[in-house]
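Taking it in order: structure first as structure tokens, then the write-up.
Read-outs throughout are calculated quantities, based only on the coordinates presented, and are distinct from any laboratory measurement. None of the values given here were measured: they were computed from a predicted structure. Counting neighbours? That spans all protein chains shown, and the Cβs are built from the backbone with ideal geometry, glycine included.
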Amino acid sequence: MSNGLLEIKAISGHRGGTPGKGVSRDYDVCKLVDTTTCIGCKACEVACLEWNGYEFRETTFDNTYQTMPETAWNFWNLIKFNEVETDNGLQWLMRKDQCMHCEEPGCLIACPADGAIVQYTNGIVDFNQANCIGCQYCVTGCPFNIPKFNAATKKVYKCTLCSDRVGAGLEPACIKSCPTGCLHFGSKEDMLALANKRSDQLKRETSHKNAGVYDPDGVGGTHVIYVLHDKDKPEQYGGLPKDPRVPFFVKMWKGPLKWLGGVGMIAGVFGVFMHYVRYGPKEVDKQEEVKR
Amino acid sequence: MSGSTLVRPTAVTGEEQLQRYTFVERAYHWINAIAYTYLLLTGLALFTPILYWLAYVMGGPGTMRWLHPWVGLVYAFTIWWMHGKWKRDMKAIPQDEQWNKNVKAYIQHHDEVMPPQERFNAGQKQFWWIMFYCTFILLVTGIIMWFPERIPREIHWLLPITVFIHSATALITIAAFIVHVYMSIWVTPGSTKAMIEGNVSVSWARTHHRLWYERITGRKG
């Protein structure tokens, strides 16, 4: 990872190939959350707070084991608890909810502030609060309800995938704290292989015949992937969207409308200028003497 | 309705002057214009990265995000005030139909075929109603965008549509704004002076707003 940051991809005025290219492995980082082995201990919630320096905040009791209804600006990692009736009886689902670090990040696409959101080559999508203006367009663009606004600082916060730890060659804090091994961290390739292996095992050896991996294509894949008991029902894991996408209107706004608006404004100003060049001003008719 | 609206002759031409806008009307117009300009420049900064530098000119990105909605309220309020003041003048009159039909001739300055117009011509009325309705849309969408954190999660799907409508509506006002500024400064000399000093010459009034001229002076032709 740390070497990867200074790896040369292209050289100016240089004939031939790039020396050293491909010597070290290019990789995207990825978190794997195996919901089938999560026991809901919330060690990852605590580790996240500790590493990121947030005090444990007020919780909300709503007759479940869940710490609060959804993640907060200072609570980026939340286990979502859900009880589901199945043919084989009651199923208690637990899912670690956090930023998914989309390959096509809706937050970044929607953000107007220069440098407030960055995506690293390793796939981490990170907020830089120094440049954040608090408009919350990121909230508009996110299909996972992740960015959260702090009314006091007027900035938006979310999981960094421990970019500070990953940059130093460490695994994210949540991964480090997991006692069951339900959380894994590595390259996207390795994590996908592990996830597929696990879901194959579930299908083969358990009653979860529809087990599968959650790596939604709608946002180009994510850098947090899940193994689910039933890949067709992600919604029952505390509202994981089945087919998350960057909202259509965000794409229209940041695509055609921006283009059309820019061209239209230039054409409009040029158009009226050409009108003046062609027709000039209207004359006031002073010939007819005003009768007093 | 005569006498009182006639004011002093100007020193230069010695021509009779008519009051076109009262001081309060002018004040509201310019508060509105300054607010719109601020909203335009900060809105463009938020609209495209190419113009994000405008954010730094307009007080810095954070300040801009804080101030834009407040200035928006000022803008909407002055539009509302002008609506109260001008809504009667903005109503369509029978002659407007022919004016709209001949708009091409108006653009090409063949004004001899244009029907006589009241205080505002049909084009100005169109401009006004575009701005009026767009302001309403901008206000409603803008208030939603002001406090997205207060919008319940169940209706978050509204946010992208809201932002899109806000931007698209703003673009419509920009198109109207370009024509408005161009017309008043370059096409009809005397208009900007009317909005700043309040007066127009009698011949200006007769040329551009014959019916209005006849109404307030009580003269014919």
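Overview of values
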{"quantity": "Using a Förster distance of 45 Å, the FRET efficiency for B:Trp30-A:Tyr279 (Cβ separation, nearest 0.05)", "calculated": "0.95"}
{"quantity": "For segment B:51-66, Karplus couplings with θ = phi - 60° (6.51, -1.76, 1.60), whole Hz, Gly/Pro x", "calculated": "9, 5, 4, 4, 4, 6, 5, 8, x, x, x, x, 4, 4, 5, 6"}
{"quantity": "Value of [θ]222 nm, deg cm²/dmol, for the protein assembly as shown, DSSP H segments ≥ 4, -39500 (n - 2.57) each, nearest 500", "calculated": "-13000 deg cm²/dmol"}
{"quantity": "Long-range amide H partners of A:Cys99 with built H, under 5 Å", "calculated": "A:Cys159"}
{"quantity": "Euclidean distance of C-alpha centroids, segment B:191-221 and segment A:78-147, integer Å", "calculated": "61"}
{"quantity": "Least to most buried among A:His14, A:His101, A:His184, B:His109 (fewest other Cβ within 10 Å first)", "calculated": "A:His14, B:His109, A:His184, A:His101"}
{"quantity": "Average other protein chain Cβ within 10 Å of Cβ, residues A:249-258", "calculated": "5"}
{"quantity": "Cβ-based net charge around A:Pro105, under 14 Å, with every Lys or Arg adding one and every Asp or Glu removing one", "calculated": "0"}
{"quantity": "Cα pair distances of chain B binned at 5 Å [whole percent]", "calculated": "1, 6, 12, 16, 17, 14, 11, 8, 7, 5, 2, 1, 0, 0"}
{"quantity": "C-alpha long axis of helix A:258-279 to longest principal axis of chain A, angle in °", "calculated": "0"}
{"quantity": "Distance cut-off 30 Å, percentage of C-alpha pairs in segment A:24-246 lying past it", "calculated": "20"}
{"quantity": "Proxy reagent accessibility, fewest Cβ within 10 Å first, across A:Ile124, B:Ile151, A:Ile133", "calculated": "B:Ile151, A:Ile124, A:Ile133"}
{"quantity": "Neighbourhood charge, 14 Å Cβ-Cβ cut-off, centred on A:Gly115 and excluding it, Lys, Arg +1 and Asp, Glu -1", "calculated": "-1"}
{"quantity": "Largest to smallest principal axis extent of the C-alpha atoms in the protein assembly as shown, angstrom", "calculated": "104, 66, 40"}
{"quantity": "Amide H contacts of A:Tyr226 (H built 1.01 Å from N, under 5 Å, at least 5 apart or other chain)", "calculated": "A:Val33, A:Tyr214"}
{"quantity": "Peptide B:157-169 - average C-beta neighbours from other chains (10 Å radius)", "calculated": "6"}
{"quantity": "Reach of A:Lys209 by Cα under 12 Å, taken over aspartates and glutamates that are not fewer than 8 positions away in the same chain", "calculated": "A:Asp200, A:Asp230, A:Asp232"}
{"quantity": "Student exercise, segment A:157-286 dipole from Lys, Arg, Asp, Glu Cβ charges, in Debye to nearest 20", "calculated": "260"}
{"quantity": "Cut-off 18 Å, label 7 Å out along Cα→Cβ of A:Val269, residues of segment B:40-63 by amide N", "calculated": "B:40-58"}
{"quantity": "Note, ³J(HN,Hα) from phi for segment A:201-207, Karplus 6.51, -1.76, 1.60, rounded to Hz, x at Gly and Pro", "calculated": "4, 4, 5, 6, 10, 10, 7"}
{"quantity": "Unsatisfied cross-links (Cα-Cα over 30 Å) in the set A:Lys155/A:Lys254; A:Lys154/A:Lys231; A:Lys155/B:Lys87; A:Lys258/B:Lys85", "calculated": "A:Lys154/A:Lys231; A:Lys155/B:Lys87; A:Lys258/B:Lys85"}
{"quantity": "Footprinting exposure proxy for B:Ser191, A:Ser199, A:Ser12 (fewest neighbouring C-beta atoms within 10 Å first)", "calculated": "A:Ser12, B:Ser191, A:Ser199"}
{"quantity": "³J(HN,Hα), Karplus 6.51/-1.76/1.60, whole Hz, each residue of segment B:194-205, x for Gly, Pro", "calculated": "4, 7, 8, 8, x, 10, 10, 6, 4, 5, 4, 5"}
{"quantity": "Within 10 Å of each Cβ in A:129-138, the average number of Cβ atoms from other chains", "calculated": "5"}
